[in-house]
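Comments concern the structure below.
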Amino acid sequence: MMLLATGAISAGKALMNTLIGMGTVFLVLIFISYIISLFKYINQTDTKKTIETVPTPTLIPSEPIAEEIEEELVDDTELVAVISAAIAAYAGTSSEGFQVRSIKRAAKSTWK
């Protein structure tokens, strides 16, 4: 009996302290998981703001650009050299084995 008076805790109180402590931990974990589940909404509000502030690009007619390209391709020896070097590097061979006969611009839809 002397041990109970000096600060020993009964089994019922120890069980109650354990249940209260574990219950508090689980409540805090549930609260943290709820806060983490709300993170997906933070990104959505930021993207809406950035999408609205980005200006839309203006379309430029393609005809003047085509005319400028045709004028620049009058002396295309450098262009032929670059294209043949790129093909040779891709094929893993030297550029002596083939000859560039014509250069045609690809459609823009193939570059996407």
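The values are calculated or read from the model by the stated rules, or taken from the named source; none is laboratory data. As the structure is a prediction and not an experimental result, all values here were calculated from the model. Backbone-built Cβ (ideal geometry, glycine too); neighbour counts: all protein chains shown. SASA here: full protein model, heavy atoms, side chains in, ligands and nucleic acids out. Shrake-Rupley method; radii C 1.70, N 1.55, O 1.52, S 1.80 Å.
Some points to look at:
- Entirely in the stretch 1-75, the helices (runs of 4 or more DSSP H) that have 1 or more residues that are hydroxyl-bearing (S, T, Y) and modelled with pLDDT under 65: 39-53, 62-72
- Of all residues in the stretch 90-112, those that are farther than 18 Å from E78 by Cβ and modelled with pLDDT of 70 or more have Cβ atoms under 7 Å from Cβ atoms of residues that are open to solvent by less than 70 Å² (accessible area, probe 1.4 Å) and not charged (D, E, K, R), 6 or more apart or on another chain, in S94/A88.
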